[in-house]
Amino acid sequence: MLTEFGKIFIFFLAAIMFVVVAVLASKLLRPSRPTHEKLLTYECGENAEGSPWVKFNIRFYVVALIFLIFDVEVVLLIPWALVYKEAGIGGFLIGAVFLFLLGLGMAYEWRKGDLEWARPKITPPSLKENSIEQKITVNTQA
């Protein structure tokens, strides 16, 4: 008599064997006719140009992450919008606080400049020439 863990082990063993048998059967049955054209890198029907190690602008990733964050939060609003009347004033206030925090996050991203594609250059504050010359003369005299 098998225990519950034994049944699970047999299930996993059967799943692994199914995958191994399927891969081996496909390798044995499929035709193998490699050509130069088949071995080339496929890039949306276009001939590959340049190195595959191209450096992308970090803005692509930042915009994608911001989209994902706010997209998930909006998905959380859909169930709330469907049942907030049944939840009463407490449910409404929770949704209102959530919307306020969502708006606050969006305002922060906007203010920070992450929603703009071409970010303005940040120029560091310049020091007065006199103060630099004074520090240089003090250091050389010591």
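The values are calculated or read from the model by the stated rules, or taken from the named source; none is laboratory data. Computed from a prediction, not measured in an experiment: that's the story for all the values here. With ideal geometry, Cβ positions are generated from the backbone for all residues, glycine too; neighbour counts draw on all protein chains shown.
Just to verify a result, which residue in the range 87-126, among those that are among the hydrophobic types (A, V, I, L, M, F, W, C) and not in a helix (DSSP H, G or I), is modelled with the highest pLDDT? Even if it seems obvious, please write down each step before you answer.
Quick first cut of the range 87-126, residues among the hydrophobic types (A, V, I, L, M, F, W, C) only: 87, 89, 92-94, 96-102, 104, 106-107, 110, 115, 117-118, 122.
When the remaining residues are screened for being not in a helix (DSSP H, G or I), the result is 115, 117-118, 122.
On the way: 115: 77, 117: 74, 118: 72, 122: 71.
The qualifying residue modelled with the highest pLDDT is 115.
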Original post:
What are the pairs, 6+ residues apart or on separate chains, where a residue within the range 102-121 that is closer than 25 Å to residue 75 by Cα has its Cβ under 6 Å from a residue that is surrounded by 10 or more Cβ atoms within 10 Å (Cβ to Cβ) and charged (D, E, K, R)?
Top reply: 102/73; 113/119; 115/109
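Quick check on the range 30-37. Is at least one of its residues loosely packed, with under 10 Cβ neighbours inside 10 Å, of a type in the set (Gly, Ala, Ser) and over 31 Å from the mean Cα position of the chain (by Cα)? Spell out how you get there, then give the answer.
Filtering the range 30-37 for residues loosely packed, with under 10 Cβ neighbours inside 10 Å gives 30-37.
Still in the list and also of a type in the set (Gly, Ala, Ser): 32.
Within this subset, residues satisfying the condition of being over 31 Å from the mean Cα position of the chain (by Cα) are 32.
There is at least one residue in the range 30-37 that is loosely packed, with under 10 Cβ neighbours inside 10 Å, of a type in the set (Gly, Ala, Ser) and over 31 Å from the mean Cα position of the chain (by Cα).
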Subject >> Filter result for residue 84 (under 20 Å from the mean Cα position of the chain (by Cα), surrounded by 10 or more Cβ atoms within 10 Å (Cβ to Cβ) and either at pLDDT 85 or above or assigned to a helix (DSSP H, G or I) (or both)) >> reply: no
Original post:
Taking residue 27, is it basic (Lys, Arg), exposed (fewer than 10 other Cβ atoms within 10 Å of the Cβ) and assigned by TED's automatic domain parsing to the domain that holds residue 110?
Top reply: no
Subject >> Residue count for the range 1-60, restricted to those that are under 30 Å from residue 114 (Cα atoms) and of a type in the set (D, E, K, R) >> reply: 2
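Mind checking which residues of the range 6-56 are in a helix (DSSP H, G or I) and modelled with pLDDT under 90? Before the answer, list the steps.
Here is the first cut: in the range 6-56, the ones in a helix (DSSP H, G or I) are 6-29, 36-39.
Correct list: 36, 37, 38, 39.
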